[in-house]
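Asker: Input: one structure, supplied below.
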Amino acid sequence: MNVRIIVSKKPIGLPTRGKTASNRLRRVDNFILLYEPSLLTRTDGLFQRSMFIDLGYGFDARTTLESAARFRRVNPNLPILGVEIDRERVDAAIPYADEITHFRLGGFNLPLQAGESVRLIRAFNVLRQYEEKDFNPAYDQLAQYVLPGGLMIEGTSNPFGSIWAANLVRKEESRWKFEALIFSTNFRMGFDITDFQAVLPKNYIHHVVQSEPIYDFFEAWKRSAAETSPAKVFGQKQWFVAAAESLASKGYKIDTHKKWLTKGWLIWNK
């Protein structure tokens, strides 16, 4: 198993606003724990020392430390690296570092050291501030560090993480394969499909216009929600499930397993 490691010099990218809230990304981590926990526990080959990367963790270390607590329930020895392009943010996080928890200055060119590799990247609320032309170069850069079979979940959430949408991509040979587009809600804001449009990843958010596939998807989802609106009397979750099942019946590759839908995750497999 081969992976090309490029140690970061000048960080590539721009600082984020850096603002976050406690447990903002809890549902992202919980999704990974349910979707593929074995990725976090693999120890074969280079996975023995491979890391989880929290890219662009923000003005303090909380999202990285929260993820460390969650993921180390299944792998107590999982190396974790928080990466920030703002030196002051890195300096502020250093006191929380230990032998398997690191904070380093870097960007899309990840600041890995010799012998390190990556199994999982979470990049949330990072690419939203970039131009669409920057999307593919950022993805291509990040793919260089991830072991074959590894994942990246990249997307945008609202300020408290109650609504988010993300690309899930898997490293195959030298490039990413887009595996799914995921939509998440904890139902605290009800169920309004337009809420998901506001947090679409950068490669979709400017394409919700007629003749584009993502536009057609949302129109079909809205029709499905309207058709199943009587399910609202049983609650928002039941309506969400019914709308997803209706959407799948229209030919979209929706994972209709209840373990996803009842928890507020709609997975559109690509």
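Asker: Among the residues of region 247-269, which ones are surrounded by fewer than 20 Cβ atoms within 10 Å (Cβ to Cβ) and small (Gly, Ala, Ser)?
Answerer: Ala248, Ser249, Gly251
Asker: Also, I was wondering about something else. Hey, can you tell me all the residues within region 225-246 that are under 16 Å from Phe187 (Cα atoms) and surrounded by 14 or more Cβ atoms within 10 Å (Cβ to Cβ)?
Answerer: Going residue by residue through region 225-246, those that are under 16 Å from Phe187 (Cα atoms) are 225, 229, 231-244.
Ala225, Ala231, Lys232, Gln236, Lys237, Gln238, Trp239, Phe240, Val241, Ala242, Ala243, Ala244 - these are the residues of region 225-246 that are under 16 Å from Phe187 (Cα atoms) and surrounded by 14 or more Cβ atoms within 10 Å (Cβ to Cβ).
Asker: Okay, moving on. Please determine, by comparing only the residues of region 175-196 that are touching a Gly at 6+ places or on another chain (Cβ under 7 Å) and surrounded by fewer than 18 Cβ atoms within 10 Å (Cβ to Cβ), which one is farthest from Asp29 (Cα to Cα).
Answerer: So in region 175-196, the residues touching a Gly at 6+ places or on another chain (Cβ under 7 Å) come out as 184-187.
Next, from what is left, pick out any that are surrounded by fewer than 18 Cβ atoms within 10 Å (Cβ to Cβ): 186-187.
Values: Asn186: 14, Phe187: 18 Å.
Restricting to residues being touching a Gly at 6+ places or on another chain (Cβ under 7 Å) and surrounded by fewer than 18 Cβ atoms within 10 Å (Cβ to Cβ), the top hit is Phe187.
Asker: Now a separate question. What number goes with the only condition from (1) in contact with a strand residue (DSSP E or B) (Cβ under 9 Å, 6 or more places away or on another chain); (2) under 17 Å from Lys202 (Cα atoms); (3) not in a strand (DSSP E or B) that Ala123 does not pass?
Answerer: With respect to (1) in contact with a strand residue (DSSP E or B) (Cβ under 9 Å, 6 or more places away or on another chain); (2) under 17 Å from Lys202 (Cα atoms); (3) not in a strand (DSSP E or B), Ala123 is out only on (3).
Asker: Filter region 66-101 down to the residues that are within 21 Å of Ala123 (Cβ to Cβ), outside any loop (DSSP other than H, G, I, E, B) and either of a type in the set (S, T, N, Q) or free of Cβ contacts under 8 Å to residues at least 24 places away in the same chain (or both) and list them by number.
Answerer: Scanning region 66-101 gives Ser67, Ala69, Arg87, Glu88, Val90, Thr101.
Asker: Condition check: at negative phi and at pLDDT 95 or above. Does Phe191 satisfy that? So that I can check it myself, show each step before the final result.
Answerer: Numbers: at negative phi: yes; at pLDDT 95 or above: no.
For Phe191, the condition - at negative phi and at pLDDT 95 or above - is not met.
Asker: Under 6 Å by Cβ, and 6 or more places apart or on different chains, what pairs join a residue from region 185-200 that is under 13 Å from Ala243 (Cβ atoms) with one that is β-branched (Val, Ile, Thr) and at pLDDT 95 or above?
Answerer: Note: pairs meeting the criteria are Thr185/Ile163.
Asker: Of the numbered conditions (1) in contact with a Ser or Thr (Cβ under 7 Å, 6 or more places away or on another chain); (2) basic (Lys, Arg); (3) not in a strand (DSSP E or B), Lys133 fails exactly one; give the number of that condition.
Answerer: Among (1) in contact with a Ser or Thr (Cβ under 7 Å, 6 or more places away or on another chain); (2) basic (Lys, Arg); (3) not in a strand (DSSP E or B), the lone unmet condition for Lys133 is (1).
Asker: Somewhere in region 110-129, is a residue within 19 Å of the chain's Cα centre (by Cα), of a type in the set (Ser, Thr, Tyr) and buried (at least 21 other Cβ atoms within 10 Å of the Cβ)? Please lay out each step first, then the result.
Answerer: To start, the set of residues in region 110-129 that are within 19 Å of the chain's Cα centre (by Cα) comprises 110, 117-129.
Applying the additional criterion that residues be of a type in the set (Ser, Thr, Tyr) yields 117.
Next, only the ones that are buried (at least 21 other Cβ atoms within 10 Å of the Cβ) stay: 117.
Checked region 110-129: at least one residue is within 19 Å of the chain's Cα centre (by Cα), of a type in the set (Ser, Thr, Tyr) and buried (at least 21 other Cβ atoms within 10 Å of the Cβ).
Asker: Further question: Can you name every one of the strands (runs of 3 or more DSSP E) wholly within region 162-270 that holds 2 or more residues which are over 23 Å from Asn136 (Cα atoms) and of a type in the set (S, T, N, Q)?
Answerer: On the way: elements: 163-172, 175-185, 265-269.
Because the criterion is at least 2 residues that are over 23 Å from Asn136 (Cα atoms) and of a type in the set (S, T, N, Q), the strands (runs of 3 or more DSSP E) in region 162-270 that meet it are 175-185.
Asker: Tell me whether region 48-59 contains one or more residues that are out of contact with any helix residue (DSSP H, G or I) (no Cβ under 7 Å at 6 or more places or on another chain) and surrounded by fewer than 20 Cβ atoms within 10 Å (Cβ to Cβ).
Answerer: yes
The values are calculated or read from the model by the stated rules, or taken from the named source; none is laboratory data. Here the structure is a predicted model, which is why all the values come from computation and not from measurement. With ideal geometry, Cβ positions are generated from the backbone for all residues, glycine too; neighbour counts draw on all protein chains shown.
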